[in-house]
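Since every read-out is calculated from the coordinates, none of them should be taken as a lab result. Being a predicted model, the structure only gives us computed values, none of them experimental. Heads up, the Cβs are rebuilt from the backbone with ideal geometry, glycines too, and the neighbour counts pull from every protein chain shown.
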Amino acid sequence: MADLTSVTLGQWELWDGPQYHRIFLGVCVSVTLLMCVSLYYYLVKVADRCTCTTRLDGKTVIITGANTGIGKETALALAQRGARVILACRSESRGLAAERDIREKTGNSGVHFMRLDLSSQESVKEFAQEFCNAEERLDILINNAGVINDGSARTAEGYELSFGVNHLGHFLLTNLLLEKLKSSAPSRVINVSSDAYQLGRLDFDDGIHGNIGRVKSYARSKLANLLFTHELSKIVEGKDVSAFALHPGSIDTDIKRNWAWWLRSLAPIISFLFLKTSTEGAQTTIHCAVADGLQKHSGKYFKGCRVQKVAPIARDDKLAKKLWRVSLEMTGLTNS
Ligand SMILES: NC(=O)c1ccc[n+]([C@@H]2O[C@H](COP(=O)([O-])OP(=O)(O)OC[C@H]3O[C@@H](n4cnc5c(N)ncnc54)[C@H](OP(=O)(O)O)[C@@H]3O)[C@@H](O)[C@H]2O)c1
């Protein structure tokens, strides 16, 4: 039987018999473990918080994909600050349920669902028309909706779905609302992108929207979000309209339904260990929407409520201009 009265590691005697040494060692190990778990929890699971207390009374905000996840949490936070909030969602039942829930929680009756399906350019045009006819102003446009798919699904116009929804739909929407944003200046456009942009490439010879698989298609659409923000900030320069892009963090939302089946089966473990809540995930969007003095950062990328450097491909002027021109053609805006 092993001798438990003395344990040594090299020259160190870790356990030499007397009771108080064992207790001391146990306490040290427990405290170290607790500190490691707390540090891990803080670094991985807790996001930087938007600390700005600005109210939004009298301001109008549009948030796409606001019936769930990061979009819904953002809508809730901005409604709490007194904004008139338009929930631009594709499903009437989910959109109205979110409208009810946010009104109940905030007591703000200026929260309204409006139908918007970003996978149909017709729907985007109808939404923009209806909004411009009904609303006097637009202070903040939050392009939040997003999809991941296997690369084979298509929009109504036949474009690859994640590129069509995440980039083209929002590109068209923003351009159709640009005059309203200008006349309500100072105003902001916020594009919810992702760090996944770093895996993205834009191949114009491939018709830009070819099927390149789930991850690459999503990454390409998120790179397009950054290049769109970069170019938009130049186009609206001097008009008091700012454009920001952001990464919300790794967040536990319904976006998991778009994961590959094998990843979905690991979702509970991944969520527990690595993902933050939707409330945490909304913080950088809220910061970009309400923080004072951000105009000087127009065109920039935010993460953890702070400006981040981006990879050279995301601030490539030539690429951004080309994407803008091709996107105008793909949305028929060149003819309008
Ligand atoms: N979660 C993350 O870890 C993470 C990380 C980086 C970036 N992001 C980005 O954060 C944004 C929000 O994602 P989330 O995590 O909150 O995802 P989510 O819970 O799946 O929410 C996505 C929203 O987009 C809407 N949507 C999808 N297709 C649409 C369409 N054709 N037209 C209009 N709305 C549409 C969805 O509506 P339905 O409910 O009707 O489907 C839903 O409201 C996305 O742009 C995503 O790429 C998320």
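Amide H contacts of I251: K276, each under 5 Å away and 5 or more positions distant or on a separate chain (H built 1.01 Å from N in the peptide plane; Pro and chain starts excluded).
3J(HN,Hα) couplings calculated from phi for region 295-302 with the Karplus curve 6.51 cos²θ - 1.76 cosθ + 1.60 (θ = phi - 60°) are, in sequence order, 3, 5, 9, 4, x, 8, 10, 10 Hz; Gly and Pro show x.
Can you spot the aspartates and glutamates whose alpha carbon is less than 19 Å from K234's alpha carbon? Ignore those fewer than 8 places along the same chain. The reachable aspartates and glutamates, counting only those whose Cα sits under 19 Å from K234, are D139, E179, D316, D317. Here the 3J(HN,Hα) profile of region 189-200, calculated from phi with Karplus coefficients 6.51, -1.76 and 1.60 at θ = phi - 60°, is 10, 10, 9, 7, 9, 6, 4, 4, 3, 5, 8, x Hz, Gly and Pro shown as x. Note on the chain: Cα-Cα pairs beyond 35 Å make up 27% of the total pair count.
Under 16 Å of direct C-alpha separation, and excluding same-chain neighbours fewer than eight residues apart, K303 reaches these lysines: K45, K222, K276.
Taking F272, F24, F204 in turn, the Gaussian network model of the chain (Cα-Cα springs below 10 Å) assigns the largest fluctuation to F24.
Holding the Cα-Cα limit at 27 Å, pick out from K180/K321; K59/K216; K105/K182; K125/K182 the pairs that are longer than that.
K59/K216; K105/K182
Relative to the longest principal axis of the Cα atoms of the chain, helix 121-134 runs at roughly 80 degrees. Exposure proxy ranking for L177, L138, based on other Cβ atoms within 10 angstrom of each Cβ and starting from the fewest, stands as L177, L138.
The value given for region 187-234 is a Kirkwood hydrodynamic radius of 11.3 Å, derived from the mean inverse Cα-Cα separation.
Computed over region 225-276, the P(r) tail beyond 19 angstrom holds 50 percent of alpha carbon pairs. Applying the Karplus relation 6.51 cos²θ - 1.76 cosθ + 1.60 with θ = phi - 60° to region 71-88 yields 3J(HN,Hα) values of x, 5, 4, 5, 4, 4, 5, 6, 5, 4, 8, x, 6, 7, 10, 9, 8, 8 Hz, where x marks Gly and Pro.
Under the convention that each Lys and Arg Cβ holds +1 and each Asp and Glu Cβ holds -1, the size of the dipole of the chain around its Cα centre is about 420 debye. Mean separation of Cα pairs under 8 Å and 6 or more residues apart, divided by the residue count, gives the chain a relative contact order of 18 percent. Cβ crowding within 10 Å, taken as a proxy for footprinting-reagent exposure, orders M330, M35 from fewest neighbours to most as M35, M330. Projecting the Cα atoms of N67, H170, S38 onto the charge dipole of the chain (Cβ charges, centred on the Cα centre) puts H170 farthest toward the positive pole.
Ordered by the number of other Cβ atoms lying within 10 Å of each residue's own Cβ, fewest first, R315, R100 fall into the sequence R100, R315.
Each distinct pair of alpha carbons in region 21-105 adds a 1/r term; the inverse of their mean, the Kirkwood radius, is 15.9 Å. Largest GNM mean-square fluctuation among I313, I286, I62, using the chain with Cα springs under 10 Å: I313. When the charge dipole of region 292-336 is built from unit charges on Cβ atoms (+1 for Lys and Arg, -1 for Asp and Glu) and taken about the Cα centre, the candidate among G299, V310, S327 whose Cα reaches farthest toward its positive end is V310.
For the chain, DSSP calls about 20 percent of its internal beta bridges antiparallel. Taking the Cα centre of region 154-259 as origin and assigning +1 to Lys and Arg Cβ atoms and -1 to Asp and Glu Cβ atoms, the resulting dipole is close to 180 debye.
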